[in-house]
1. Restricting the first residue to the stretch 142-160 and requiring it to be basic (Lys, Arg), which pairs with a second residue that is open to solvent by less than 70 Å² (accessible area, probe 1.4 Å) and not in a loop (DSSP other than H, G, I, E, B) meet a Cβ separation below 7 Å and a spacing of at least six or different chains?
2. Output the number of the condition that PRO5 fails; it satisfies all remaining conditions of (1) exposed (fewer than 10 other Cβ atoms within 10 Å of the Cβ); (2) over 35 Å from the mean Cα position of the chain (by Cα); (3) of a type outside the set (Asp, Glu); (4) at pLDDT 60 or above.
3. Conditions first: (1) modelled with pLDDT under 80; (2) open to solvent by 30 Å² or more (accessible area, probe 1.4 Å); (3) not charged (D, E, K, R). GLN138 passes all but one, so which condition is the exception?
4. Filtering the stretch 46-71 down to residues that are in a loop (DSSP other than H, G, I, E, B), in contact (Cβ under 8 Å) with a residue 12 or more places away in the chain and β-branched (Val, Ile, Thr), which residue is nearest to ILE34 (Cα to Cα)?
5. Is it the case that ASN65 is within 31 Å of the chain's Cα centre (by Cα) and either open to solvent by 60 Å² or more (accessible area, probe 1.4 Å) or modelled with pLDDT of 80 or more (or both)?
Amino acid sequence: MLRLPWRNRVLLGLTVAVGVAGFCVVIEAQAPPIIYGCVVQASGNIRIVAAGTICRNGEVPIQWNAIGPKGDKGDTGATGATGATGATGATGEQGPPGVANGISTAVHGTVGWGGFGESGSNFAIIGAWLQDNQAFYQIKLLSMTDPTKPRPVCSVNPRSPFSAEVREFSVTVVEYSDAAWRFTARGIRWVATPGGGGYSAPWQATFDFICVQE
């Protein structure tokens, strides 16, 4: 019969006891966190005892933790390989037409000096009159018909067929009426000759205009 040294038998007994204790922890939720035992010095056998038990003659007490301390955190694993490229998605719907430089509509033309009463392809002269020797024109912008869009921005510049005179033009009103945007332009005239004055007829107020709308 093979007989192990005392210390080896103690270690072997501890190993068996730890296995038994581990099993007891699984099936017995109330198992104590510390395991107590008595080792027979002559044989190396170990018996599990309750806490506070006094070992017999020829035995030495021993105890160990049922659950060991938590181990250190393991190293981070290596980065996985890059996955395959996914399939190309379906083509989206075509977006609405863009706006060039923030302007979606522009109307321009020349009014006056023989052109009174004439209209362009995208505007119409709907009124012209004199007031205090100042000329007024009202122009309808035929291509700007959406009242929900921003108010058009209009500017006018004088075009003078006469000599030695100074003109000033301005836009007085921009409004939506009769299913289209319209504006009113005013012209003031100073003549640098004796007896000179303002306009004597609306058509003398010749000017270029442009209106833009976002």
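The values are calculated or read from the model by the stated rules, or taken from the named source; none is laboratory data. Fair warning: this is a prediction, and the values are worked out from it, not measured in the lab. We place every Cβ from the backbone using ideal geometry, glycine too, and count neighbours over all the protein chains shown. Ligands, DNA and RNA are excluded from the accessible area calculation, which covers all protein heavy atoms including side chains. Shrake-Rupley method; radii C 1.70, N 1.55, O 1.52, S 1.80 Å.
1. Between residues of the stretch 142-160 that are basic (Lys, Arg) and residues that are open to solvent by less than 70 Å² (accessible area, probe 1.4 Å) and not in a loop (DSSP other than H, G, I, E, B), the close pairs are LYS149/GLN213; ARG151/VAL174; ARG159/THR110; ARG159/PHE207; ARG159/ASP208.
2. (4)
3. Looking at each condition in turn, GLN138 falls short on (1).
4. Only one residue fits best here, namely ILE67.
5. Details: within 31 Å of the chain's Cα centre (by Cα): no; either open to solvent by 60 Å² or more (accessible area, probe 1.4 Å) or modelled with pLDDT of 80 or more (or both): yes.
In short, no.
Residue-wise test of (1) modelled with pLDDT under 90; (2) more than 30 Å from SER200 (Cβ to Cβ); (3) surrounded by 10 or more Cβ atoms within 10 Å (Cβ to Cβ).
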position: GLY92; (1), (2), (3): yes, yes, no
position: TRP113; (1), (2), (3): yes, no, yes
position: ASN133; (1), (2), (3): yes, no, yes
position: THR145; (1), (2), (3): no, yes, yes
